[in-house]
1. Per-residue counts of other Cβ atoms within 10 Å, averaged by peptide: what ranking do you get for 38-47, 539-548, 79-88, highest first?
2. If you find the alpha carbon centre of region 898-925 and of region 721-745, how far apart are they in angstrom?
3. Going through region 648-733, which trypsin sites (Lys or Arg not before Pro) have at most 16 other Cβ atoms within 10 Å and a DSSP loop state?
4. Could you let me know the centre-to-centre spacing of region 52-86 and region 509-546, using Cα atoms, in angstrom?
5. Sorted by packing (mean other beta-carbon atoms within 10 Å per residue), highest first, where do 148-156, 570-578 land?
6. Using just the C-alpha positions of region 235-316 as equal point scatterers, what log10 of I(q)/I(0) does the Debye formula give at each q in 0.19, 0.23 1/Å?
7. For Glu491, Glu158, what ranking results if the residue with the fewest other Cβ atoms within 10 Å of its Cβ goes first?
8. Taking every DSSP beta bridge that has both residues in region 336-494, what percent is antiparallel when rounded to the nearest 5?
Amino acid sequence: MIGCRAAKLQLMLFFAILNLLAYLVVPGVSVKHENFKTCSQSGFCSRNRAYADEASAQGASWSSPYELDSSSIRFENGQLQGTVIKTTTTNEKVRLPLTVSFLESGVARVVLDEEKRMKGEIELRHGSKARKERYNEAAKWTLVGGLDPSKSAALNPEADAGFTKVLYGPDNRFQAIIRHAPLEIQFQRDGQTHVKLNDRGFLNVEHWRPKVDAPKDGEDAKNAEDQSTWWEETFGGNTDSKPRGPESVGLDITFPGYEHVFGIPEHADSLSLKETRGGTGNHNEPYRMYNSDVFEYELNSPMTLYGSIPYMQAHRKNSSVAVFWLNAAETWVDIVKTKPSINPLALGAAGTKTTQTHWFSESGQLDVFVFLGPTPQDLTKAYGELTGYTQLPQQFAIAYHQCRWNYVTDEDVKEVDRKFDRYQIPYDVIWLDIEYTDGKKYFTWDPMTFPDPKGMQEQLDEAERKLVIIIDPHLKNEANWPIIEEFKSKELGVRNKDNNLYEGWCWPGSSHWIDCFNPASIAWWKSLFRYDKFKGTFHNTFIWNDMNEPSVFNGPETTMPKDNIHYGGWEHRDVHNINGMTIVNATYQGLLERKKGEIRRPFVLTRSFYAGTQRMGAMWTGDNRAKWEYLAASIPMVLNNGIAGFPFAGADVGGFFGNPSKELLTRWYQTGIFYPFFRAHAHIDTRRREPYLAGEPYTAIITQAIRLRYQLLPAWYTAFYQASVDGSPIVRPQYYVHPDDEQGFAIDDQFYLGSTGLLAKPVVTEGATSVDIYLSDSEKYYDYFDYTIYQGAGKRHTVPAPLEKIPLLMQGGHVIPRKDRPRRSSGLMKWDPYTLVVVLGQDGTAEGTLYVDDGETFDYQRGAYIHRRFRFADSTLSSEDIGTKGPKTGEYLKTMASLRVEKIVVVGAPAEWQQKSSVTIEEEGAKAGATAPLQYTGPQGGKAAYAVVKNPNVGIGKTWKIEF
Ligand code: NOJ
């Protein structure tokens, strides 16, 4: 027996080392499919798919065995409660408590649990110490608000027998129609059905039952269910002991008349999700969400990646609806789209397809939120109310980040820093990957290579630059390291199925994992970031959490065994997709106050995430490759994350694995400047590729691109602010901005920056000299750099894009705030004056906003900010205060009093202005008779006329009018 265990351990070690080596070798081929389950290799996935197949095959004769017991229904305070009875094939009645909550926000929430497990009336196998209930704490980690019950929701007295109808939402225009038997719920807006639950009868709650030996022969054996995946599952040499037996939940969700669905990141796929049941151009596998370190991930794939947000928007002309499947366990989603019906009216939407989805998770409650829109903006707002809006980051965090695995010494870092200055390339943050540590022990510095972290950071600080260092959640299992000794003595780690400290392999070799579900672990982890504890860190040090899926080199599917146990007795199976977020949460809290009284906005980058992580940091798309296809794929990935409420997203600029050609690197920078999170990163085996190494003309072109990002930082920061208050994506896909233009719904290679009207279409193909930009509306669009006019709705327009040119248009009707003076870092731009670009719309007006604060503290929450709306109408540009005053407003405005506008550019200036030579200025109501010179340039070729006002000298935080 012992020999057998030893052999198994040796084998596991062998696989771990193999995995480690694989990581260190730059890949030539793609993902190792054999390391990750397909649906048919996952018990609950195949069972749920088979159940759906059976229901579909039976068609009209299929009857879902779930029925809402009419006599159990109670409705009170916006909440309906009752018991759903599942009748099994052996006529057993399983009781499933149902709660449907109608929320003040107009969102409905359906929760189904299982009475027996809730009451703990089940037996666990193998003497497991796990909890008996279905996991019911996902909400605790994910939701932060939006749960107020609707005051107006009411039963509709007109319901037919066997139905319950609830009116709710704004002016009670929404209605949930609950059919009792078989259970089905339809959600209507203005009398039309937009979302249906269990319409196809795939609802499946795998109830608890004791393991009994299956009959071997006779009639009973023939009728017996296939139990081969119920009690134990083995994959890649790892056996999951499944002490609670089968426990999955599944449900079909249909969006009638909706052809496009978006969301459920993270997948390397198109923005508009594909069908998953085969057919040309479709996937054969469901989209999977099981946070994993997928080495060499492939493109156009429904395979899982590092993070999961089980939130999906469905969109059709002028209507958007959504669902949020709150479950932290492994989850799969099948998608099929039905052909247009012969009788289009039968669908309620003429001639369009219907999207049918099927969701299933391995364990936990069934907990689904339904949003009825009708606009994409309504959805992002309501979803953000529940899971939180994106963090308003520090200013530096939205500037340029320079990373590689690894800058090898503190001198190396200082040299790179100096080179950026020598080449006059702005950057804000330099990063250190795992090699800075002493033998992969986080919270330490390698004394040989980083003997002087203080000197290094002092140099960075001179230009207000920052350092981000990596801290992973695995802790090296090395005797006499005080951190691990303390960790062990306080019992802060994840435990294995036998309730002992779990041990696995990662970068340091043998490691343990912090269990940040445990409040004591959070408190301890937080304390490790204090300056007096983590020596060598300072006010300009921030943190990168990597490998937090968690990645375990010798674990099943490169992660932790599902029967591991977390705080509270929950199995890893139940909480897996939330695990990464708990690490970020603890790190975020650690960074909040590292020294008494020094409270500042933390910056944490995470690889793994779940719904809610947007409140705490940024994410990136993990280990991509230095190939054109990966550059192209990064755009829909970033856009999709924004749709799912986590817009602070980016991809490794340059590609992680491999060496990009100079052209690819240049194009990647030109794309990366439009990622909300803009960081270059590279694998340890790649050649150095800091922008100044590329040589001319590449270095100059890359420098121009980075400077463009810096020039537009005021617009970016304003977009981040907006995202932080209403969830709107920072970069927005075509359908989000033009929800009525069907031709644009599937477009995912161009996007708008916030509400600035800036429309970018980065070049993502080799040798391109132009791109085709699609315009949905009939406004004039102007080239950002030379004001060439493009106009024509529903058409593609060819925009020149030689290597030095970034295809970027400005939609008429906007005012874009900028800062035009190139500096070394964003911190050094703080007191620089503004430029306002007024892009006149067809009706001669334009509008835009600007948000400014100290970019560092939380004082903005007490009014220390400037929020202005600029409007151009009737030949007058005005600045109006749209902020709300707080105790710190006055003091802040005083400090900002000298900050002015140094230039106004009006694009599409009217011809009459040719006669004008100046504008008149009125600030804070005082007609000082001030004027400023105006310079008009007439139209040339296809280029628009424009006018420049030099030094109008109006205050950025002041109310003023400029008359043209
Ligand atoms: C995996 C991350 O995805 C990558 O960015 C990082 O460089 C390596 N881990 C090493 O820490």
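The numbers here are math on the coordinates, done by the rules we state, and not lab data. Not measured: the values here are computed from a predicted model. Glycine also receives a Cβ, built like all others from the backbone with ideal geometry; neighbour counts cover every protein chain displayed.
1. Numbers: 38-47: 19.7, 539-548: 22.6, 79-88: 18.0.
Ranking, from highest mean packing down: 539-548, 38-47, 79-88.
2. Cα centroid of region 898-925 versus Cα centroid of region 721-745: 31 Å apart.
3. Working: sites: Lys662, Arg667, Arg679, Arg687, Arg688, Arg689, Arg707, Arg709; in loops: Arg687, Arg688, Arg689.
The qualifying sites are Arg687, Arg688.
4. Here the two parts' Cα centres lie 47 Å apart.
5. Values: 148-156: 15.7, 570-578: 27.3.
Averaged packing, sorted descending, gives the order 570-578, 148-156.
6. Debye output, listed in q order: -1.00, -1.25.
7. Numbers: Glu491 13, Glu158 8.
The fewest-first ordering by Cβ neighbours comes to Glu158, Glu491.
8. Values: 4 of 10 bridges.
Of the beta bridges lying entirely in region 336-494, close to 40 percent run antiparallel.
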